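What follows is a set of notes on a single structure, which appears directly below.
The values are calculated or read from the model by the stated rules, or taken from the named source; none is laboratory data. The shown structure was predicted, so the numbers you read here are calculated from the model rather than taken from an experiment. Cβ atoms come from the backbone with ideal geometry, glycine included; neighbour counts cover every protein chain shown. Ligands, DNA and RNA are stripped out before the accessible areas are found, and what is left, the full protein with its side chains, is counted by its heavy atoms. Shrake-Rupley method; radii C 1.70, N 1.55, O 1.52, S 1.80 Å.
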Amino acid sequence: AYRCPKAKVVSSLVLPDYRLVFRGVADIERANHNEVQGVLWNITQECENALDIFEGVAGGMYRKEYFCIKIKGKVEEVMFYKMNSIGYSEPSEYYFNGIHDGYKQNNLDDTFLFNALEANI
């Protein structure tokens, strides 16, 4: 709400052949025969600019990647921020709980979230 006040939820989604991982913060990576649940947002250019700054795109912390997914019968290209670092590390309890709250608010299966956490411990 603070960084992207004009962003609107489009829908929840299941992204095949990716998995949720933690590198101190949440990230996704390609992983055959896996899937990850998430929420798709429609953001304005203003929102994207704010996120680019927050995610450190210019400094190389994250990069933008894209995938295609069918939304309401139409194939759409979707952007996400991908960490440039490698390796895994456990998130803080505060950070994890914030994501868990988002899973509950959006009726997502938190099994994916807890599996990702277990893989990092």
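Amide H to amide H distances under 5 Å link residue 12 with 40, where only residues 5 or more positions off or on other chains count and H is placed in the peptide plane. Carbon-plus-sulfur accessible fraction, the chain (probe radius 1.4 Å, protein heavy atoms only): 52%.
Per-residue SASA remark: residue 67, around 30 Å² accessible (1.4 Å probe; ligands, DNA and RNA not included). Along the charge dipole of segment 1-86, pointing to its positive end and built from +1/-1 on Cβ of Lys, Arg, Asp and Glu, which listed residue (12, 47, 81) has its Cα farthest out? Farthest towards the positive pole: 12. Among 62, 95, 18, the largest mean-square fluctuation in a Gaussian network model of the chain, built with springs joining Cα atoms closer than 10 Å, belongs to 95.
Of 20, 108, 51, the residue with the greatest mean-square motion in the GNM of the chain, using alpha carbon springs below 10 Å, is 51. Roughly what % antiparallel, to the nearest 5, for the DSSP beta bridges in segment 8-96? The antiparallel fraction comes to roughly 95 percent.
For segment 37-78, the Cβ-based charge dipole about the Cα centre amounts to some 260 debye (Lys, Arg positive; Asp, Glu negative; other atoms uncharged).
In this Cβ point-charge picture (+1 for Lys and Arg, -1 for Asp and Glu), segment 53-121 has a dipole of about 420 debye about its Cα centre.
Taking 4.7 Å between C-beta atoms as the pairing limit, the chain has these partnerless cysteines: 68. The trypsin sites (Lys or Arg not before Pro) found in segment 27-121 that occupy coil by DSSP, while having at most 13 further C-beta atoms within 10 Å, are 72. A simple charge model with +1 on the Cβ of Lys and Arg, -1 on the Cβ of Asp and Glu and nothing else charged puts the dipole of the chain at about 380 debye relative to its Cα centre.
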